[in-house]
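Below you'll find the structure, written out as structure tokens, and then a few comments.
The values are calculated or read from the model by the stated rules, or taken from the named source; none is laboratory data. Quick caveat, the model's predicted, so the values are computed rather than measured. In this analysis, Cβ positions are derived from the backbone assuming ideal geometry, glycine residues included, and neighbour counts consider all displayed protein chains. Surface areas here come from the heavy atoms of the whole protein model, side chains and all, with no ligands, DNA or RNA. Shrake-Rupley method; radii C 1.70, N 1.55, O 1.52, S 1.80 Å.
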Amino acid sequence: MNHDDFTSQAAADFLDRFGRAADGVWSAPGRVNLIGEHTDYNEGFVLPFAIDRRTWAAVGLRDDNTARVTSTFSEDEVEVELAQVSPEILDGWSAYPLGIAWALGENGIDLAGQAGFDVHISSDVPVGAGLSSSAAIECAVAIALDERWQLELDRPTLARVGQLAENKAVGAPTGIMDQSASLLGRRDSAVFLDCRSLRSEIVDLGFQAAGLEIVIIDTKVSHAHATGGYAARRASCEAGAAALGVESLRDVGVADLDRAREVMDDETFRRVRHIVTENARVLATVRALRESGPLAIGEILDASHVSMRDDFEISVPELDLAVVAARAAGAIGARMTGGGFGGAAIALTPSHLVAEVTSQVAAAFAEAGYRAPEIFTVTPSDGAKREL
Ligand code: ADP
Ligand code: MG
């Protein structure tokens, strides 16, 4: 289905489920992180972009204080009173859309005094593939409620609302990157985000003019220790910062690494070195994009992968193989993306070699006896917007 069809289908499904027309249809995209991994909670830099996979929210206000949500994703219809909504009563998928209402309440909106709403959700963002279907659903609902409740919150504020919903209503300890990309993204551009100041800039990717595409290789691997591994990496980063007497690793530069090696154990040092060099790589990527264009960033993506593999130790054999096979087939740079211990790799690939990369990566996985990966391209796209 193309995206216009998704929009009209969302409106039709809303009519079907709720017996009246929606006030409108809003959509928000998933995202891919081009570079800057595990830097967000170290107050560093990230460079994600919004993708051409979106989530649609058809929304209609009600005369009472009730909120109802439905989704093509699930049979359940979930209903709450807005005045009563809280993290304690939310669970399952509806915690994402209803968590947005709760988080708006935490931002000073009087929920008891607001009109209730019906929402119907549909999406073509694959769930759990590391493309942030979670931020897509949050941001689609956030811009819809912002408009219908006439809140006029700016997008950085809505990003924080989305993060609060995900952290507290869903209970996932994530940073602000995903919501920022989904709300601020632009066609053929990335969102350069400083996770300390929360300032962001749009950076031209120029993939189209250079004839480049991003190939996603979803390994379908998800390790049970991913959550534990994530917590352990965060703890190492905190330990490293404490040993250096700084508030966060954002305050450590490449020139400080020699000293760092002397005041911590080798494992903590390698964790710190990943964060410090990864921040430098994000800055180098932004500079290269501005000064030389996207053909100049391949090596930086490669170096990021090596750092995650050897220093941060969050890669897995499937991701390493995806990267090696994509490079061998003609990608100009490749790296795992996301939290690690599974998930997806990205490969920056000349358009005429996409088919080659796809078939060679699939063949390499088959030969290694790994489960077949899902391989597809994504295009840097516009952020959240009203569709109808
Ligand atoms: P991802 O990497 O895709 O963001 P998450 O685990 O963070 O993975 O979020 C996925 C969860 O978000 C799903 O399990 C579901 O609860 C919710 N979700 C995502 N898309 C939808 C949708 N279209 N309808 C209902 N819930 C959704
Ligand atoms: Mg998510």
Discussion item. Quick check on the range 41-51. Is at least one of its residues among the aliphatic types (A, V, I, L, M), open to solvent by 10 Å² or more (accessible area, probe 1.4 Å) and either within 26 Å of the chain's Cα centre (by Cα) or farther than 24 Å from Leu198 by Cα (or both)?
Written reply: no
Worksheet item: So which of Ala83, Ala101, Ala67 is within 22 Å of Ala28 (Cα to Cα), modelled with pLDDT of 95 or more and assigned to a helix (DSSP H, G or I)?
Response: Ala101
Practice prompt. Please tell me if Gly229 is of a type in the set (Gly, Ala, Ser) and in contact (Cβ under 8 Å) with a residue 40 or more places away in the chain.
Written response: yes
Worksheet item: What number of residues in the range 138-169 are hydrophobic (A, V, I, L, M, F, W, C), within 13 Å of ligand 2 (Cβ to nearest atom) and more than 13 Å from Ala101 (Cβ to Cβ)?
Response: 1
Worksheet entry | Enumeration of residues in the range 286-319 that are open to solvent by 50 Å² or more (accessible area, probe 1.4 Å), more than 16 Å from Gly333 (Cα to Cα), out of contact with any strand residue (DSSP E or B) (no Cβ under 8 Å at 6 or more places or on another chain) and in a helix (DSSP H, G or I) | Arg287, Glu291, Asp310, Pro317
Response to the item:
By residue number, the members of the range 15-68 that are of a type in the set (Asp, Glu) and either in contact (Cβ under 8 Å) with a residue 12 or more places away in the chain or within 18 Å of Lys385 (Cβ to Cβ) (or both) are Asp23, Glu37, Asp40, Glu43, Asp52, Asp63, Asp64
Worksheet item: Here are some residues: Leu183, Leu212. Which one is outside the structural domain of Ala296 (by TED's automatic domain parsing) and touching a residue at least 24 places away in the same chain (Cβ under 8 Å)?
Response: Leu183
Discussion item. Tell me yes or no: at least one residue of the range 143-166 is more than 26 Å from Ala22 (Cα to Cα), free of Cβ contacts under 8 Å to residues at least 40 places away in the same chain and within 16 Å of ligand 1 (Cβ to nearest atom).
Written reply: yes
Fill in: Residue in the range 106-120 that is within 23 Å of the chain's Cα centre (by Cα), within 16 Å of ligand 1 (Cβ to nearest atom), open to solvent by less than 30 Å² (accessible area, probe 1.4 Å) and in contact (Cβ under 8 Å) with a residue 40 or more places away in the chain present
yes
Discussion item. crowded, with 19+ Cβ neighbours inside 10 Å and within 23 Å of Trp26 (Cα to Cα): which single residue out of Leu212, Leu205, Leu193, Leu145 fits that description?
Written reply: Leu145
